[in-house]
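S.K.: The following block contains the structure, expressed as structure tokens.
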Protein chains: 2
Amino acid sequence: MATKALFFDVFGTLVDWRGSIAREVRRLGLNIDGEAFADSWRGEYQGAMERVRSGGRGYVKLDILHRENLDRILPKFGLESMGEAERAALNLIWHRLDAWPDVAAGLLRLRPHFRLAPMSNGNISLMADLARHNDFIWDAILGAEVARDYKPKPEVYLTGARAFDLEPEACMMVAAHSSDLAAAAALGFKTAHIARPDEHGTGLGEAGPSVPVDYAARDISHLADMLEGERA
Amino acid sequence: MATKALFFDVFGTLVDWRGSIAREVRRLGLNIDGEAFADSWRGEYQGAMERVRSGGRGYVKLDILHRENLDRILPKFGLESMGEAERAALNLIWHRLDAWPDVAAGLLRLRPHFRLAPMSNGNISLMADLARHNDFIWDAILGAEVARDYKPKPEVYLTGARAFDLEPEACMMVAAHSSDLAAAAALGFKTAHIARPDEHGTGLGEAGPSVPVDYAARDISHLADMLEGERA
């Protein structure tokens, strides 16, 4: 079945969360190891979502989980005295993460041929702010908040496909994480892996997929090349 | 409180559903009165949504209601023999309605200053297609499908405000229908009325609001003028 829509993982796949947080921490003048701080914050991510996925807690948007996780890690960095306003501002770092350099141009090339949407665990306002910050143009913002659950729960992917009136087989999930692609593939989605070998630090990311995928691309522009090649 | 986001009614306010459907009916060579057909189809709209709003039926997207309504009216126009594929294609007219001439340029002027989203009873794919067809750039597609209910139910407006992390008082509803604005205002939204005096035919539309509003504009560009004037 012809692919009609591409759904994108965002954190790690389209934006460099670790480098962006480290840069912002330095810009704010916090006297801490920015990369360690980013890793620690992101380290709380899966556990916080798992409480929602398992039904132990109703859906709350990722901004709220990020804030709870921030409160949890601040003492580890000697920042337990940070005030409420500063914490709230710091939490918004996630709304202005910088894209990897290939992304905006790659998405522009894909846009004439496919519906494009983020399929992220980030909430709608977070995705809208990242789009403005990085010049992404989306057809809609789909993902966790629309489905009111978190990936890799099937309903998140399926809600996205249904929002575009598409069978899963007409959808492609694009991600730098094999686990995300495996979950989408199990539902019938096509899959494209994007190499982000330095996501968690030099050499600490997925340079290639560890599961079968339909496409394995170096970056978004390379994926556009591959999909253009098929049409040619 | 400063306005941070503008939410737009779409059918009638941004797009000329009646003229567009009539033009498409003529283009398709159907030997019927296009305007009467558009009026009849739209005439089934509120009743179909009311079954969902009242709880008599679970949420189904507007494309499905439009299709059921189409099946209902075809015999009135002698088209009861129309086949399934043709009905499905005809139903997609709603995905390519033309905007009123002021809209695309007006939205572009508003975009640097506010988050912009449709707040329509149309489903996500319908809104995404109208955006592509008319060069609208949205921050997100909000409205009925995200809330899984239909305006003027309060939850639809409130789900939109929450998606953007905003209090209702920081949101403005923009519509050519006083009833839509009254429902939003009751929740704390600011309101802007757009004159569409010919929505239902010459002289058969709201030339002005019949309820108190914060702004009464001739069109979207005029609204941009008024909001610019306040910032000046």
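S.K.: Considering only region B:152-166, I want to know if a residue exists there that is within 22 Å of A:GLY160 (Cα to Cα) and of a type in the set (Ser, Thr, Tyr).
M.R.: Yes: one or more hits.
S.K.: Looking at A:ILE73, is it within 14 Å of chain B (Cβ to nearest Cβ) and either more than 16 Å from the chain's Cα centre (by Cα) or not hydroxyl-bearing (Ser, Thr, Tyr) (or both)?
M.R.: Considered against the rule, which asks whether it is within 14 Å of chain B (Cβ to nearest Cβ) and either more than 16 Å from the chain's Cα centre (by Cα) or not hydroxyl-bearing (Ser, Thr, Tyr) (or both), A:ILE73 comes out as no.
S.K.: Identify the residue in region A:101-114 that is more than 14 Å from chain B (Cβ to nearest Cβ) and over 13 Å from the mean Cα position of the chain (by Cα) and, among all such residues, is surrounded by the most Cβ atoms within 10 Å (Cβ to Cβ).
M.R.: A:GLY106
S.K.: Are there any pairs with C-beta distances below 9 angstrom linking a residue in region B:96-108 that is more than 8 Å from B:ASN134 (Cα to Cα) and small (Gly, Ala, Ser) to a residue that is crowded, with 23+ Cβ neighbours inside 10 Å and modelled with pLDDT of 95 or more, with the two at least 6 apart or on different chains, and if so which?
M.R.: Short answer, once both residue conditions are applied: B:ALA105/B:ILE220; B:GLY106/B:ILE220; B:GLY106/B:LEU223.
S.K.: Right, something else. For a quick check of your reading of the model, give me the residue pairs whose first member lies in region B:155-172 and is within 13 Å of chain A (Cβ to nearest Cβ) and closer than 18 Å to B:TRP138 by Cα, whose second is in a strand (DSSP E or B) and small (Gly, Ala, Ser), with beta-carbon atoms closer than 6 Å and at least 6 apart or on different chains.
M.R.: Hits for this filter: B:PHE164/B:ALA5; B:LEU166/B:ALA5; B:CYS171/B:ALA5.
S.K.: Give the residues of region A:188-216 that are more than 30 Å from A:ALA36 (Cβ to Cβ) and within 17 Å of the chain's Cα centre (by Cα), sorted by residue number.
M.R.: A:THR191, A:ALA192
S.K.: Test B:LEU79 against the criterion of being farther than 24 Å from A:THR159 by Cβ, surrounded by 14 or more Cβ atoms within 10 Å (Cβ to Cβ) and out of contact with any Lys or Arg (no Cβ under 7 Å at 6 or more places or on another chain), and give yes or no.
M.R.: yes
S.K.: Something else about it: Would you confirm, using the coordinates I've provided, whether B:GLY12 is farther than 22 Å from B:ALA128 by Cβ and either in contact with a Pro (Cβ under 6 Å, 6 or more places away or on another chain) or not charged (D, E, K, R) (or both)?
M.R.: no
S.K.: Then there is this: Give me the residue from region B:115-137 that is of a type in the set (S, T, N, Q) and surrounded by 20 or more Cβ atoms within 10 Å (Cβ to Cβ) and, out of that set, nearest to B:LEU92 (Cα to Cα).
M.R.: B:SER125
S.K.: All but one of (1) under 28 Å from B:ILE21 (Cβ atoms); (2) part of a helix (DSSP H, G or I) hold for B:GLU230; state the number of the condition that does not hold.
M.R.: (1)
S.K.: Of the residues B:ARG67, B:ARG26, B:ARG51, only one is in contact with a Gly (Cβ under 9 Å, 6 or more places away or on another chain), assigned to a helix (DSSP H, G or I) and of a type in the set (Lys, Arg); which?
M.R.: Step by step, each of B:ARG67, B:ARG26, B:ARG51 is checked, and only B:ARG26 is in contact with a Gly (Cβ under 9 Å, 6 or more places away or on another chain), assigned to a helix (DSSP H, G or I) and of a type in the set (Lys, Arg).
S.K.: Something else: Being under 30 Å from A:ARG231 (Cα atoms) and at pLDDT 95 or above narrows it down to one residue among A:ASN134, A:ASN69, A:ASN91, A:ASN121; which is it?
M.R.: Being under 30 Å from A:ARG231 (Cα atoms) and at pLDDT 95 or above holds for just one of A:ASN134, A:ASN69, A:ASN91, A:ASN121, which is A:ASN134.
S.K.: I would also like to ask the following. If the requirement is being in the same structural domain as A:ARG115 (by TED's automatic domain parsing), under 22 Å from A:PHE136 (Cβ atoms) and modelled with pLDDT of 95 or more, which of these qualifies: A:LEU204, A:LEU223?
M.R.: A:LEU223
S.K.: Look through region A:138-154, keep the residues that are within 19 Å of A:GLY58 (Cα to Cα), within 12 Å of another protein chain (Cβ to nearest Cβ) and among the charged types (D, E, K, R), and return whichever of them is surrounded by the fewest Cβ atoms within 10 Å (Cβ to Cβ).
M.R.: Per the stated criteria, the residue is A:ARG148.
S.K.: Continuing with this model, one more query. Going through region A:116-137 one residue at a time, which ones are over 24 Å from B:VAL60 (Cα atoms) and facing chain B (nearest Cβ under 10 Å)?
M.R.: Answer for region A:116-137, where residues must be over 24 Å from B:VAL60 (Cα atoms) and facing chain B (nearest Cβ under 10 Å): A:SER125, A:LEU126, A:MET127, A:ALA128, A:ASP129, A:ALA131, A:ARG132, A:ILE137.
S.K.: Just one of B:ALA22, B:ALA89, B:ALA5, B:ALA85 is among the small types (Gly, Ala, Ser) and closer than 28 Å to B:GLY160 by Cα; which is it?
M.R.: None of the other options fit; the residue is B:ALA5.
S.K.: Looking at A:LEU158, A:LEU126, can you tell me which residue is in contact with a Pro (Cβ under 9 Å, 6 or more places away or on another chain) and of a type outside the set (Lys, Arg)?
M.R.: A:LEU158
The values are calculated or read from the model by the stated rules, or taken from the named source; none is laboratory data. Computed from a predicted model, the values in this text were never measured in an experiment. With ideal geometry, Cβ positions are generated from the backbone for all residues, glycine too; neighbour counts draw on all protein chains shown.
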